[in-house]
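Please read the structure below before turning to the comments.
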Amino acid sequence: MTRRVVEGAGSATARETGAWAAMLVLAALIYVGFALLGGVRGPWLWIELAGLLAYGAVAAAGYARWPALVGVGWLLHMAWDALVHGGTGVAHVPSWYIPGCLGFDLVVGVTLLRTRYHSGAMARA
(Lines give C-alpha, C1' and ligand atoms only; values in the text may rest on other atoms or scores of the structure.)
Protein backbone atom coordinates (compact mmCIF):
# COMPACT_ATOMS: atom_id res chain seq x y z
CA MET A 1 0.00 0.00 0.00
CA THR A 2 1.27 3.45 -0.78
CA ARG A 3 1.00 6.45 1.43
CA ARG A 4 0.90 10.04 0.30
CA VAL A 5 3.42 12.44 1.72
CA VAL A 6 1.58 15.06 3.75
CA GLU A 7 2.53 18.59 2.83
CA GLY A 8 1.52 21.64 4.78
CA ALA A 9 1.36 24.91 2.85
CA GLY A 10 4.44 26.26 4.61
CA SER A 11 6.43 23.04 4.74
CA ALA A 12 9.83 22.64 3.12
CA THR A 13 8.36 19.95 0.86
CA ALA A 14 5.61 22.29 -0.33
CA ARG A 15 8.13 25.05 -1.01
CA GLU A 16 10.34 22.62 -2.89
CA THR A 17 7.38 21.39 -4.95
CA GLY A 18 6.54 25.01 -5.75
CA ALA A 19 10.11 25.68 -6.84
CA TRP A 20 10.20 22.62 -9.12
CA ALA A 21 6.78 23.57 -10.52
CA ALA A 22 8.06 27.06 -11.32
CA MET A 23 11.17 25.59 -12.95
CA LEU A 24 8.96 23.32 -15.09
CA VAL A 25 7.26 26.44 -16.44
CA LEU A 26 10.67 27.99 -16.99
CA ALA A 27 11.80 24.89 -18.93
CA ALA A 28 8.84 25.36 -21.29
CA LEU A 29 9.45 29.10 -21.47
CA ILE A 30 13.02 28.47 -22.64
CA TYR A 31 11.65 26.93 -25.84
CA VAL A 32 9.45 29.97 -26.41
CA GLY A 33 12.55 32.12 -25.92
CA PHE A 34 14.51 30.05 -28.44
CA ALA A 35 11.68 30.51 -30.94
CA LEU A 36 11.46 34.26 -30.43
CA LEU A 37 15.23 34.75 -30.53
CA GLY A 38 15.35 32.62 -33.67
CA GLY A 39 12.75 34.80 -35.37
CA VAL A 40 10.25 31.95 -35.51
CA ARG A 41 6.65 32.87 -36.27
CA GLY A 42 3.65 30.81 -37.30
CA PRO A 43 3.13 27.15 -36.37
CA TRP A 44 6.33 26.57 -34.39
CA LEU A 45 5.71 29.57 -32.17
CA TRP A 46 2.16 28.36 -31.50
CA ILE A 47 3.48 24.88 -30.68
CA GLU A 48 5.93 26.34 -28.16
CA LEU A 49 3.23 28.55 -26.63
CA ALA A 50 0.87 25.56 -26.36
CA GLY A 51 3.63 23.69 -24.54
CA LEU A 52 4.07 26.61 -22.17
CA LEU A 53 0.34 26.61 -21.38
CA ALA A 54 0.24 22.84 -20.93
CA TYR A 55 3.24 22.73 -18.62
CA GLY A 56 1.93 25.73 -16.74
CA ALA A 57 -1.32 23.89 -16.09
CA VAL A 58 0.51 20.73 -14.99
CA ALA A 59 2.79 22.74 -12.69
CA ALA A 60 -0.14 24.64 -11.14
CA ALA A 61 -2.20 21.49 -10.56
CA GLY A 62 0.83 19.69 -9.14
CA TYR A 63 1.64 22.50 -6.77
CA ALA A 64 -1.96 23.09 -5.70
CA ARG A 65 -3.18 19.53 -5.31
CA TRP A 66 -1.07 16.64 -6.60
CA PRO A 67 2.66 17.08 -5.86
CA ALA A 68 3.64 13.98 -7.84
CA LEU A 69 2.17 15.62 -10.92
CA VAL A 70 5.14 17.99 -10.92
CA GLY A 71 7.41 14.94 -11.32
CA VAL A 72 5.16 13.57 -14.05
CA GLY A 73 5.35 16.98 -15.74
CA TRP A 74 9.15 16.76 -15.85
CA LEU A 75 8.92 13.30 -17.44
CA LEU A 76 6.40 14.64 -19.95
CA HIS A 77 8.81 17.48 -20.69
CA MET A 78 11.42 14.83 -21.49
CA ALA A 79 8.99 13.35 -24.02
CA TRP A 80 8.41 16.89 -25.40
CA ASP A 81 12.16 17.28 -25.85
CA ALA A 82 12.47 13.97 -27.67
CA LEU A 83 9.30 13.91 -29.76
CA VAL A 84 8.82 17.57 -30.64
CA HIS A 85 12.41 18.80 -30.83
CA GLY A 86 14.68 15.78 -31.02
CA GLY A 87 15.82 14.70 -34.44
CA THR A 88 13.47 17.02 -36.29
CA GLY A 89 16.07 19.57 -37.23
CA VAL A 90 14.23 22.36 -35.43
CA ALA A 91 16.46 25.31 -36.28
CA HIS A 92 15.42 27.49 -33.35
CA VAL A 93 16.60 24.99 -30.69
CA PRO A 94 20.38 24.65 -30.33
CA SER A 95 21.53 21.08 -30.99
CA TRP A 96 23.49 20.96 -27.71
CA TYR A 97 20.41 21.81 -25.65
CA ILE A 98 18.25 18.72 -26.23
CA PRO A 99 20.56 16.01 -24.78
CA GLY A 100 21.20 18.01 -21.62
CA CYS A 101 17.53 18.78 -21.18
CA LEU A 102 16.58 15.12 -21.67
CA GLY A 103 18.96 13.96 -18.96
CA PHE A 104 17.99 16.73 -16.56
CA ASP A 105 14.26 16.12 -17.06
CA LEU A 106 14.67 12.38 -16.42
CA VAL A 107 16.66 12.80 -13.21
CA VAL A 108 14.35 15.51 -11.82
CA GLY A 109 11.14 13.68 -12.78
CA VAL A 110 12.16 10.36 -11.26
CA THR A 111 13.57 12.00 -8.13
CA LEU A 112 10.41 14.03 -7.57
CA LEU A 113 8.18 10.99 -8.00
CA ARG A 114 10.30 8.98 -5.57
CA THR A 115 10.35 11.71 -2.93
CA ARG A 116 6.68 12.64 -3.11
CA TYR A 117 5.53 9.13 -2.19
CA HIS A 118 7.21 6.89 0.36
CA SER A 119 7.12 3.78 -1.81
CA GLY A 120 7.92 5.65 -5.03
CA ALA A 121 4.50 4.71 -6.45
CA MET A 122 1.67 7.12 -7.15
CA ALA A 123 -1.16 6.96 -4.62
CA ARG A 124 -4.71 8.01 -5.17
CA ALA A 125 -5.31 11.56 -4.05
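The values are calculated or read from the model by the stated rules, or taken from the named source; none is laboratory data. Quick caveat, the model's predicted, so the values are computed rather than measured. Glycine gets a Cβ as well: all are built from the backbone with ideal geometry, and neighbour counts include every protein chain shown.
Among the residues making up the range 53-71, those that are touching a residue at least 12 places away in the same chain (Cβ under 8 Å), crowded, with 18+ Cβ neighbours inside 10 Å and part of a helix (DSSP H, G or I) are Y55, V58, A59, G62, Y63, A68, V70, G71.
Taking the listed residues A50, A9, the one that is among the aliphatic types (A, V, I, L, M) and either at pLDDT 90 or above or under 20 Å from D105 (Cβ atoms) (or both) is A50, with no other qualifying. When V93, V84, V107, V32 are checked against the criterion of being closer than 20 Å to T13 by Cα and hydrophobic (A, V, I, L, M, F, W, C), V107 stands alone in meeting it. The condition of being out of contact with any Asp or Glu (no Cβ under 6 Å at 6 or more places or on another chain) and part of a helix (DSSP H, G or I) holds for only one of W74, W44, that being W44.
Within the range 26-39, if we keep just the residues that are surrounded by fewer than 19 Cβ atoms within 10 Å (Cβ to Cβ) and at negative phi, the residue that is nearest to the chain's Cα centre (by Cα) turns out to be L26.
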